[in-house]
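Novice: Once you've had a glance at the structure underneath, I'll fire off some questions.
The values are calculated or read from the model by the stated rules, or taken from the named source; none is laboratory data. Predicted model, so just to flag it, every value in this text is computed and none were measured. Using ideal geometry, Cβ is built from the backbone for each residue, glycine included, and neighbour counts are taken over all protein chains shown. To get the accessible areas, we keep the full protein, side chains included, count just its heavy atoms, and leave off ligands, DNA and RNA. Shrake-Rupley method; radii C 1.70, N 1.55, O 1.52, S 1.80 Å.
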Amino acid sequence: MNITELKKTYPESNSSLLSWLTFSWISKLIYIGYKKNINESHVWELDDENKSEILGEEMQRNWSFLIQKSKMNKKFFLKNRKKVEKCEEKNKKIERNISLGFCLFGIHAKKIILASTLVLTHDIFDLTGPLILDGLIKFISNNEYSNTVGYFLVLLLFIRLVVMSMCLQHSYNYAFLAAVQTRSALMHLIYKKNLRLSTESKRKATTGEILNLMQVNTQIFIELSQYGHQVWSAPLKIALSSILLWVYIGPAVLAGIATMIVLVLFNSVFMTKYTKAESEKLKFKDIKMKILNEVLNGIKVIKFYGWEISFENMINKLRNSELNVLKKGSIFYSCFNFTFGLTSFMITFISLLTFIYIDDKNVLTPAIAYVTLSLFNTIRIPMFLFGPAISNLIQTIISLKRIQSFLLLEEVEPHQISYTKNNQHAVIFENASFSWEKSSTISVLKGVGAGKSSFLSAILGEMYKLEGKLNIDGSISYVPQQAWIQNASVRENIVFGNKFDYKYYNCVIQACSLQTDLDILVAGDKTEIGEKGINLSGGQKQRISLARAVYNNSDIFLFDDPLSAVDAHVGKHIFENVMGTNGLLKNKTRILVTNSINFLPQTDLIFMFENGKIVESGNYNELISLNGCFTRFVNNNSFVNNTEKENDENKSEFVQKPVKEESEIKQNFDENVKNSKIIEQEKIESGNLKARTIYEYFKASSFLITFLFLFGYLMMNVFYAWSSFWLSEWTNANIEPSGDKFDKGFRILVYGLLGFSQNIFSLFSELISVIMIMNSSRNLHKNMLESVMHSTMHFFESTPIGRILNRFSKDIINLEFIIPVAFRDLVYCIFELITIAFVITFSTPLFLAVLIPIFFIYIFIQRFYVASSSKLKRLDATTRSPIYSHFGETLNGLSTINAYNAQSRFTNLLEKKINENNSFFYPSMVSTRWCAVQMEIIGNILITSACIFGVMAKGSISPGIIGLSISFALNISSMMRYGVKCASDLESNLTSVERIKEYCETPQEADWKNKNYQPDDKWPENGEINFVNYSVKYRQDLDYALKNINCHIKSSEKIGIVGRTGAGKSSLSLALFRLLESNDGEILIDGMNIKRMGLHDLRQKLTIIPQDPATAAIDHNTDDLVQDTIRTAFSHCTMITIAHRLNTILDSDRIMVLDKGKIVEFDTSHNLLSKKSGLFYSMAKTAGIVNEF
C-alpha cells in the first residue's frame, strides 16, 4: 500500500474480524513509529464521520432544533433591548428549558449504550473469577476429582479472560470515539458562535474565558470517557460482590463493608482537602500566569529599563505561595493514596477478624480466604475510581453548563442592517437625517471618545440599533485603528484568502508605500510576520493592514485613523495614492475616521462628532464658513493645512520602484528562504526519550531522595509477599488433620502487623515523593524563569508568547503531578509484577519456563509500543497548539474577519487544524488499545499457564499455595497493562522536562553586572555620547542595520532622528540600550565603553519612552502637550527623539538623518532646510512643513 492509498482509507473499515477485535489494523503505523519518526504522511485521512466539519454541522443542526423546539429563538430574547432585566430573565429560562447534555447524548446514544453494555458484560464476567478460583481450590483439595475437571475450569477461566479483554478494550474505544467527536463538534460550535457574538456578549465572555472553553472544557470529555462508566458500574459491582461475599463469610462481610464506608469517608476528607488546595493553587497560578503574560508582552520595555530582577522577584514571590500550596496539596494526595492502600488491607483484615471470632465454628480455609480476598480485590478498583468518576462527572456537568451559557449568549442581530440595492447611496442612516453617495470620500472628525469609532462599528453591525434604519449597498473593507496582523507571510496577510492577481497586487504595494519594506525584508513579501506583527514597526503593520483592505477591492472602505502610525510623508503618499481623488479607490466609497486635518480639504463630506452625535456636516469650505465647532478645531491645531498647496513636483519623489517580476521574486525567495521564518518551528524531540532527560529529572529531584523512595516501595512489597505467604500457611494449617499449632489470635495479629508494616513503608514512600515533587518543580521552574528573563530579544521575537506560557503552565503541571504519579505508579507496577512472578514461581516452579520468554516478549512489546506512542503523543501536542493559536488570533481579529466576510474561510482553517490534530490523536488512542490487548493476551497466557501448572501439580501442592498463586496470577493482566500505560505516560510526559530544559538553555544576554567594569553612582554625569565606527546586525545571517556610524553628541544636546522606513532609527535606540549587540566599533557614554559594563548598570542609568500605537494615534493638540512636557522635564538631559512627525523635532539642537543604516545628514534644522538637495529638505517638503519654517 502506497502513502496515497494509506491516506485515503482508514484500515479499520476494511479490517478482518480478528484484526478489528485485537486492533491489529494499527500495527503497521506502530511499526513505522518503532523504526523511524512518524509524520503526517504516515497517518490516515479521517473518515467523514470523524471530520470536524461533519460533526460540527450535525451538532449545529441538533442544537438549533433543540432551541427551536423550546420556542426560544433569537426574537424571543432579543425582542426588546431596552428591557435588559427582562431579557436576562428570559435568557435564564432558556438555559433551564434546554440541555446541551441531552443534545450530545442524542447524537452519541448508540456508542454510549454499546460501551455501557460492554462494561456491564465485563463486570459480570469479572465476578466469575473468584467462583472459578473457588472451584480450582476445591479441585486441588479433593482427590476424587479427575484432572479433566481442573482443565475444564482452566478453560472457563481462559474464556472469561478473553471475553473480559475484548469487552473492556472496545468499551474504552467506543467511549473515546464519542468523546473525541464531542470535543471536535463543540470546538466547531464554540468557534462559530464566537464569530456571531454581539458587543454586549463579548463583554460578558472575555477572551480568556472563551479560550478556556476551547482548551479545558471541551477536553474534559476525553477524561470522562476513561472512567465515566464507574459512576453506575462501581456501585453495581460492589453490590453484587457483597452478595457473593455474604455467601462465603456471612455477616462478617458487613464488618468489611462498614470498614470500607468509614475509611472511604475518611479518605474523602483528604481528597476534599487536596481539591481545595488545588483550587487555591490555581488562583496563585492564574495570578502568576497573568503577570508572566504581561511581562512577556512588555519584555522590550522591561529590558529597556533593566527591570528583569524586579519582575522575576515578583513572579518568584507568587511562585513560593504556589509551592506552599503545592506542598500542602501533595501531602494530602499522598495521604489519600496511603489511606486507599490501607483501606484495601483493613477491609480484608476486619472481615477475616470478624469471621474467625463471630462464630467458633468458622474456620479460615484456603477457599474462604482466597475467594474473599479475590472478591475484595474485585471491588477495590471500582471503590477507588468511584470518587474520581463522580468528581469528573461533576466537572463535565459544570463544563457543559459553561459551554451552554456561552452558546446561548446574544448574537449580532442580522436584520438590524438591510442590504438593499441602491443606485445612489452606498450607506444610508435613517432617523439620523443623513446619507452619502457612492464614490465619495467622507471624513469623520473629533477628539477622543466623541463616537467616531462607534460610528464605524455601527456600519459593521457591532453596535445595538435602538431605532431607525441602516442600509448598506456593497461589500466592505475595514482598516482598524490598531492593525490586526496574522502570523503568516506578508503576501498572505495582504491577499487574505483572495485570488492572487500579480498586476493589481503590484499596484497595491506601490500605493501603500510597501515596496521599500519588501526590499528590506529577507524574503520579500514571503517573509513570515511574527506573532501580532512583533517583527514589524507600527507603521509597517498599519500599511499591511491598509494594503489588505485595498487588495480586497470592496465597494465600501472604512478607515479608522490608519495614517496615525505612519510617518507624515508616508501618510501623504498613501492618502494621495489610495484614498485621494486620484488614488486606487477613487471610484469607491471611503469613510475615514481621523484626528488630523491635513487631508480634510480633499474629502467630499465631513462629519463633526461630539458626545456620539453629529454636530456639523458638510465639505471643508462649508464648515469653515460656519465658524463653529469645526473652525475652532482647525484653529486649535498646530498644523496649518498646506497640503493642498503642494504641486505635482512633490508627488514624483514618491513614485516607487515597480515590484520585481515573479520569477525574480522566486529566485530571491529561494536564496533567502532559510531566513524568511521569524517564528521558529517548535522543537519536537525525535526518537526515544534521552537518558539525559531522565538524569536531569532525577538530578532536580535529588538522587538520594529518589533512592529512599525506591527503598520504601521495595520494603512495602517485601512485607506484602510475607503477609501473603503467612495467610497461605495459616489456611493450609487449618485443613491439616492435626490442625493449626498456633492460636488464631496469634495468626491474625501477625497478619495484621505484616499488613500495617507494608502500609507504613507505603506512607514513607508517599511522603518522600512529596519531597521529589517539590525539589524538581522548584529547581526547574526557577532555572527556566531565570533563563527566559535573561534571554536575548531575538528569542522573544522568534518565539510565540503562547509557547513560552505553555512551558510555565502545561509543562510545569506535568512536572508537578502527571510525571510524579506516572513514576510512582510505574514503580508500584514493577515491584508488584516482580512480587507476583516470585510468588507464582515459588508455588509452581514450572511457571518459570513460561515466564522467561514471556518476559522478553513483554519488554519488546512495551518498547515497541512506547516508541510509537511517545511520538504520536508529541505530534498530538504539537498539532493541538495551532488550534488554540488560530482561535486566539481569531479572537483578536473578530472585527476584521467579520468585516471582510471571511468567517467561512477561518472556520474551514479551524476544521483543518482540528482534523490534523485528530489524525494523530485517534491513532494515539487506538495504539493504546492495541497495546492493552497485547498485554491482555500475554497476561491471559501467564494466568492460564499458572492454572495449568497448578492442575498438573495436584497432589504435590497445597490448596493454600494454589489459592495464593492463582489469586496473584489474576492480577497479572491489569498490572502488565497498567505498567505499560504508566511507562508510556512517563516517557511521553518527561518530554516536558526536555521542553523545560530547552528553555533553561536559551540564548543569553550579557551579564547584568560586571564588577570589573562598573560605573560610579553619578554616571553618566554629562551625558556625552560617542559612536566610533559602530556597526550592528539583527542576526549574523542578515545585512548590517547600522553601518560604520561615527558621531559625537554633546552633553545636554537635543538630537532629533529622522529617516524613511528601514533607515535604522529604531536600531540606533536598541544599540544604545544593547538590545542589539555590536559587531564592530563601540559606543562611549561619558568616556565609558557601554559594551564592557553590565547591562543593568547601563540600562538603569538611561531612560526611554518607547514607541506605542496609542501615543501614535493622539490628536495634534495632545501631541503638542506631550512635546512641551518632554522639553520642560528633560531640559537638563541629553535627549534623542525619533519622530514620525517632523514638526516635533524641528526645534532640536541638531537633526540626524539616517538612510539605509548610515548617517547621511547631521546638522541644525535651519542648515538642513537650507540644503534643498538634501534628504531632510525633501521629507519636510513632502510633509508640507517647509512653508512653515
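Okay, residues lined up against (1) open to solvent by 10 Å² or more (accessible area, probe 1.4 Å); (2) over 30 Å from K35 (Cβ atoms); (3) modelled with pLDDT of 85 or more:
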| residue | (1), (2), (3) |
| --- | --- |
| I861 | yes, no, yes |
| F864 | yes, no, yes |
| A867 | no, no, no |
| S870 | no, no, no |
| A877 | yes, no, no |
| S881 | yes, no, no |
| T890 | no, yes, yes |
| L894 | yes, yes, yes |
| N898 | yes, yes, yes |
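Novice: Okay, next question. Taking the criterion of being under 20 Å from I819 (Cα atoms), part of a helix (DSSP H, G or I), of a type in the set (G, A, S) and modelled with pLDDT under 85, would at least one residue in region 708-724 satisfy it?
Specialist: No, the conditions are met nowhere in region 708-724.
Novice: Let me ask something else about it. Can you pull out the residues in region 289-298 that are open to solvent by 10 Å² or more (accessible area, probe 1.4 Å) and among the β-branched types (V, I, T)?
Specialist: I291
Novice: Is it fair to say L909 is under 30 Å from A953 (Cα atoms) and open to solvent by 10 Å² or more (accessible area, probe 1.4 Å)?
Specialist: Details: under 30 Å from A953 (Cα atoms): no; open to solvent by 10 Å² or more (accessible area, probe 1.4 Å): yes.
Judged against the criteria, L909 is not a match.
Novice: Restricting to region 1-34, what's the tally of residues that are of a type in the set (A, V, I, L, M) and at pLDDT below 85? I'd like the intermediate steps shown before the answer.
Specialist: Start the filter on region 1-34 by keeping residues that are of a type in the set (A, V, I, L, M), which leaves 1, 3, 6, 17-18, 21, 26, 29-30, 32.
Filter once more, keeping what is at pLDDT below 85: 1, 3, 6.
Of the residues in that region, 3 qualify.
Novice: Of the numbered conditions (1) of a type in the set (S, T, Y); (2) at pLDDT 80 or above; (3) in contact with a helix residue (DSSP H, G or I) (Cβ under 6 Å, 6 or more places away or on another chain), T1164 satisfies every one except a single condition; which is it?
Specialist: (3)
Novice: Separate question: Residues of region 232-263 being within 36 Å of the chain's Cα centre (by Cα) and at pLDDT below 90, which ones?
Specialist: Keep residues of region 232-263 that are within 36 Å of the chain's Cα centre (by Cα), which gives 232-234.
Within region 232-263, just A234 meets the criteria.
Here's the yes/no breakdown for (1) small (G, A, S); (2) modelled with pLDDT of 85 or more; (3) open to solvent by 20 Å² or more (accessible area, probe 1.4 Å); (4) over 22 Å from E1024 (Cβ atoms):
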position	(1), (2), (3), (4)
G1094	yes, yes, no, no
L1102	no, yes, yes, no
D1108	no, no, yes, yes
H1116	no, no, no, yes
D1124	no, no, yes, yes
R1141	no, no, yes, yes
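Novice: Of all residues in region 22-43, how many are under 25 Å from the mean Cα position of the chain (by Cα) and within 20 Å of N173 (Cβ to Cβ)?
Specialist: Within region 22-43, residues that are under 25 Å from the mean Cα position of the chain (by Cα) and within 20 Å of N173 (Cβ to Cβ) number 1.
Novice: Let me ask you something else. What are the residues in region 104-123 that are without any contact (Cβ under 8 Å) to a residue 60 or more places away in the chain, open to solvent by 60 Å² or more (accessible area, probe 1.4 Å) and among the aliphatic types (A, V, I, L, M), if any?
Specialist: Across region 104-123, the qualifying residue is only I113.
Novice: Kindly indicate the residue of region 156-183 that is closer than 16 Å to E223 by Cβ and in contact with a Ser or Thr (Cβ under 6 Å, 6 or more places away or on another chain) and also surrounded by the most Cβ atoms within 10 Å (Cβ to Cβ) among those meeting that condition.
Specialist: So, considering only residues that are closer than 16 Å to E223 by Cβ and in contact with a Ser or Thr (Cβ under 6 Å, 6 or more places away or on another chain), the one surrounded by the most Cβ atoms within 10 Å (Cβ to Cβ) is A175.
Novice: Same structure again: Scan region 492-521 for residues that are open to solvent by less than 40 Å² (accessible area, probe 1.4 Å) and either without any contact (Cβ under 8 Å) to a residue 12 or more places away in the chain or in a helix (DSSP H, G or I) (or both) and report the count.
Specialist: Residues of region 492-521 that are open to solvent by less than 40 Å² (accessible area, probe 1.4 Å), as a first pass: 493-496, 505-506, 508-509, 511-515, 517-518, 521.
Then drop every residue that is not either without any contact (Cβ under 8 Å) to a residue 12 or more places away in the chain or in a helix (DSSP H, G or I) (or both), which leaves 493-495, 505-506, 508-509, 511, 515, 517-518.
Result for region 492-521: 11.
Novice: While we're here: For region 991-1025, name all the residues that are part of a helix (DSSP H, G or I) and buried (at least 18 other Cβ atoms within 10 Å of the Cβ).
Specialist: Listed by number, the residues that qualify are T991, S992, V993, E994, R995, I996, K997, Y999.
Novice: Residue check: is N37 open to solvent by less than 70 Å² (accessible area, probe 1.4 Å), in a loop (DSSP other than H, G, I, E, B) and either modelled with pLDDT under 85 or touching a Ser or Thr at 6+ places or on another chain (Cβ under 6 Å) (or both)? Talk me through it step by step, then tell me what you get.
Specialist: Details: open to solvent by less than 70 Å² (accessible area, probe 1.4 Å): no; in a loop (DSSP other than H, G, I, E, B): yes; either modelled with pLDDT under 85 or touching a Ser or Thr at 6+ places or on another chain (Cβ under 6 Å) (or both): yes.
Against the criterion (open to solvent by less than 70 Å² (accessible area, probe 1.4 Å), in a loop (DSSP other than H, G, I, E, B) and either modelled with pLDDT under 85 or touching a Ser or Thr at 6+ places or on another chain (Cβ under 6 Å) (or both)), N37 does not qualify.
Novice: Continuing with the same structure: So which of I804, I818 is within 27 Å of Y884 (Cα to Cα), in a helix (DSSP H, G or I) and open to solvent by 30 Å² or more (accessible area, probe 1.4 Å)? Spell out the reasoning first.
Specialist: Working: I804 fails: open to solvent by 30 Å² or more (accessible area, probe 1.4 Å).
Just one listed residue meets the conditions, I818.
Novice: Given Q226, Q169, Q215, which one is over 18 Å from K913 (Cβ atoms), in a helix (DSSP H, G or I) and modelled with pLDDT under 90? Show your work before the answer.
Specialist: Details: Q169 fails: modelled with pLDDT under 90; Q215 fails: over 18 Å from K913 (Cβ atoms).
The unique qualifying residue is Q226.
Yes or no, residue by residue, for (1) touching a strand residue (DSSP E or B) at 6+ places or on another chain (Cβ under 6 Å); (2) over 30 Å from I459 (Cα atoms); (3) modelled with pLDDT under 80; (4) buried (at least 19 other Cβ atoms within 10 Å of the Cβ):
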| position | (1), (2), (3), (4) |
| --- | --- |
| V371 | no, yes, no, yes |
| S374 | no, yes, no, yes |
| T378 | no, yes, no, yes |
| L400 | no, yes, no, yes |
| S405 | no, no, no, no |
| E410 | no, no, no, yes |
| E413 | no, no, yes, no |
| K421 | no, no, yes, no |
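Novice: Next question, about the same structure. Mind checking which pairs have a first residue in region 759-774 that is of a type outside the set (D, E) and a second that is outside any helix (DSSP H, G or I), Cβ under 9 Å, 6 or more apart or different chains?
Specialist: These pairs meet every condition: I771/S702; M772/S702.
Novice: Can you find, within region 525-555, the residue that is most open to solvent (accessible area, probe 1.4 Å) among those that are assigned to a helix (DSSP H, G or I) and at pLDDT below 85? Quick ask: steps written out before the conclusion?
Specialist: In the first step, residues of region 525-555 are kept if they are assigned to a helix (DSSP H, G or I); the result is 525-526, 531-533, 538-552.
With at pLDDT below 85 added as a condition, the list becomes 531-533, 538-540.
Numbers: E531: 60, K532: 120, G533: 0, G538: 25, G539: 5, Q540: 29 Å².
Top of the filtered list is K532.
Novice: To continue, here is another question. Could you go through region 392-405 and let me know if any residue there is among the charged types (D, E, K, R) and either in contact (Cβ under 8 Å) with a residue 40 or more places away in the chain or part of a helix (DSSP H, G or I) (or both).
Specialist: Checking region 392-405: at least one residue is among the charged types (D, E, K, R) and either in contact (Cβ under 8 Å) with a residue 40 or more places away in the chain or part of a helix (DSSP H, G or I) (or both).
Novice: If you don't mind, there's one more thing I want to ask. For region 457-485, which residues satisfy the criterion of being in contact (Cβ under 8 Å) with a residue 40 or more places away in the chain and farther than 21 Å from K202 by Cα? If you could, list the steps in order and put the result at the bottom.
Specialist: First pass over region 457-485, keeping only residues in contact (Cβ under 8 Å) with a residue 40 or more places away in the chain: 457, 459-466, 469-485.
Result: K469, L470, N471, I472, D473, G474, S475, I476, S477.
Novice: Could you list, in sequence order, all residues of region 14-34 that are open to solvent by 80 Å² or more (accessible area, probe 1.4 Å) and farther than 18 Å from F921 by Cα? Lay out the reasoning, then the answer.
Specialist: Kept after step one, since they are open to solvent by 80 Å² or more (accessible area, probe 1.4 Å), are these residues of region 14-34: 14, 17-18, 28, 31, 34.
N14, L17, L18 - these are the residues of region 14-34 that are open to solvent by 80 Å² or more (accessible area, probe 1.4 Å) and farther than 18 Å from F921 by Cα.
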